[in-house]
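Structure first, commentary second.
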Amino acid sequence: MTTDQQLLNELQFSVIEEPNQGQSFSTEIWDVDEVISYLNDRIKRFVSETRITLVHETLPSMVDQKLYDLNTLDDDLIDLHRVAWLDSVGVSYELQRRDKMSFDLLTQNWADTSGIPKGYSIVTEPQMTIQIVPAAADAGTLDFLYTAVTTLASNTGVTIPLPADFCPYIKWGVLADMLKKDGPAHDMPRSAYCEMRFGEGVELAKILLRGF
Amino acid sequence: MAYQKVTFAELKLLGMNRLGNVAFYTEDEVGIYLNEALRVWNLITWQWHGSVFIPTVASQTFYDVSASVLKTMRVEYNNVPLDLTSLQSLDLGQPGWQGTAAGTPKRWFPVALTQIGIYPTDAIGGNSLRVEGVLTTPVLVNESDYLDLGQWQVQALLDYVHHLATFKQGGEEFKASLQTLKSFMTAAGVQNRKFAETALYKRYMGMDLDELLRPMYRGGPQSDNRSAASE
């Protein structure tokens with residue numbers, strides 16, 4: 001496990017700041033909130049690009065209800081990986097991710113039909129909502145596997161929500177952002193190098209997920 | 001290849017020596033660089049293997065594997081190996097699989113790096129799943145913490161430490177140290193030949209640029225047409 005303080009300490013060594021677990025940046029080139037924001041952005045980006053960790057959660061599905069609010073899921077959702085509908089006895093039906101046009105082509109009167117859900121689409125209005133098609137004729141459960149960042153980093157000793165071995169690559173991502181900043185620290189060659197190392201982490205995670 | 005017990009204190013001393021013992025670096029800093037070197041080494045070579053046991057829960061499909069396993073490669077249920085499948089195969093090949101009656105698990109499937117699923121679910125719970133795979137990198141904290149490493153591996157780690165240390169200097173020193181990063185990657189490619197086949201490795205070695213500048217000739221439709229026309 002790596003904590004945000006350990007990671008910020010490593011960052012401070014790399015940019016010749018006083019290593020104090022991210023409590024302050026004495027050169028005043030960066031401020032603490034800014035670096036923490038870079039850190040959280042990079043964690044989200046890493047999780048989003050690699051799908052390295054998934055969250056499993058369920059929502060009850062109601063008869064004839066089409067729209068489900070994803071904000072009710074526990075964690076800050078980045079993307080859906082798998083959605084299934086389980087009937088009242090637990091038999092599962094994987095829902096295909098589709099758009100409304102494909103529903104028009106494949107299912108007549110899908111908007112007014114109910115039955116066993118076969119697909120879902122992401123609805124943009126209201127935001128963070130999915131529509132299941134057709135709406136369930138019986139009560140059941142929606143079963144989600146999704147990418148999410150479960151905890152936000154700070155400088156208070158929070159564990160980075162990633163396998164510890166990938167934390168050095170988050171550091172490289174943050175350094176890339178820090179060195180891009182206009183001002184005395186602006187250093188595009190080193191920033192590009194850091195970006196390359198962050199990309200290396202993403203590739204290694206993908207290799208680990210699928211195997212060599 | 002011969003391996004030897006190397007303590008954290010010894011590794012840090014070797015690292016400091018490699019950096020010329022200048023006041024620009026502290027021992028703590030070198031310790032951090034060493035731990036990063038070990039992590040990158042393990043991610044590339046999958047050096048540390050082992051297993052952990054997790055108890056089953058009645059009717060539970062998805063399990064979070066212990067934080068000490070980085071990639072699951074094999075799963076046993078009460079000492080009986082489970083067959084590997086995938087979530088997609090189950091969804092496509094056995095619709096409704098999540099509703100199958102609980103019984104004795106026969107298959108396992110990866111969900112994410114640290115999550116797996118079993119099928120069918122365990123009926124009783126309290127049984128044992130032995131999860132085997134690549135372990136997370138051991139972190140060196142105390143001076144007496146040690147690892148079994150070959151001399152060439154120690155050299156590769158020191159190359160990486162040297163490269164990391166020059167990052168904060170920037171400029172020509174850092175640019176020159178890219179060669180030591182390349183040496184580290186070469187050693188990792190020797191340890192894991194499969195890594196040496198990846199695009200990532202080829203990029204480090206400059207082999208992708210070589211292919212770009214001197215593309216291999218491959219007979220395509222155009223060459224077929226030419227030969228057909230000449231006949």
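The values are calculated or read from the model by the stated rules, or taken from the named source; none is laboratory data. Everything quoted here is computed from the prediction, not taken from an experiment. Quick reminder, even Gly has a Cβ in these numbers, built from the backbone with ideal geometry, and neighbours come from all protein chains shown.
Worth pointing out:
- Flag for A:Gly115 being more than 30 Å from A:Thr50 (Cα to Cα) and in contact with a Leu (Cβ under 8 Å, 6 or more places away or on another chain): no
- The residue list B:Phe174, B:Phe184 contains one member that is within 9 Å of chain A (Cβ to nearest Cβ) and of a type outside the set (Lys, Arg), which is B:Phe174.
- Only a single criterion out of (1) within 11 Å of another protein chain (Cβ to nearest Cβ); (2) in contact (Cβ under 8 Å) with a residue 24 or more places away in the chain; (3) not small (Gly, Ala, Ser) is not satisfied by B:Asp122, namely (1).
- The residue that is nearest to the other protein chains (Cβ to nearest Cβ), counting only those in segment A:23-50 that are buried (at least 21 other Cβ atoms within 10 Å of the Cβ) and under 16 Å from A:Thr151 (Cβ atoms), is A:Val47.
- Qualifying residue in segment A:65-73 (condition: within 14 Å of the chain's Cα centre (by Cα), away from every other protein chain (no Cβ under 14 Å), within 20 Å of B:Leu87 (Cβ to Cβ) and not charged (D, E, K, R)): yes
- Single condition A:Phe103 does not satisfy, out of (1) outside any loop (DSSP other than H, G, I, E, B); (2) of a type outside the set (Val, Ile, Thr); (3) in contact with a Gly (Cβ under 8 Å, 6 or more places away or on another chain); (4) within 14 Å of another protein chain (Cβ to nearest Cβ): (4)
- Residue satisfying condition, being surrounded by 18 or more Cβ atoms within 10 Å (Cβ to Cβ) and either within 10 Å of chain B (Cβ to nearest Cβ) or of a type outside the set (Val, Ile, Thr) (or both), within set A:Val83, A:Val55: A:Val55
- Of all residues in segment A:145-176, those satisfying the criterion of being buried (at least 21 other Cβ atoms within 10 Å of the Cβ) and not hydrophobic (A, V, I, L, M, F, W, C) are A:Thr147, A:Asn155, A:Pro163, A:Asp165, A:Pro168, A:Tyr169, A:Lys171, A:Gly173.
- The residues on offer are A:Leu208, A:Leu152, and the sole one that is at pLDDT below 95, assigned to a loop (DSSP other than H, G, I, E, B) and either at negative phi or within 12 Å of another protein chain (Cβ to nearest Cβ) (or both) is A:Leu152.
- Applying the condition of being over 14 Å from B:Glu132 (Cβ atoms), of a type in the set (A, V, I, L, M, F, W, C) and more than 9 Å from every other protein chain (Cβ to nearest Cβ) to segment B:54-89 and asking which residue is surrounded by the most Cβ atoms within 10 Å (Cβ to Cβ) yields B:Val57.
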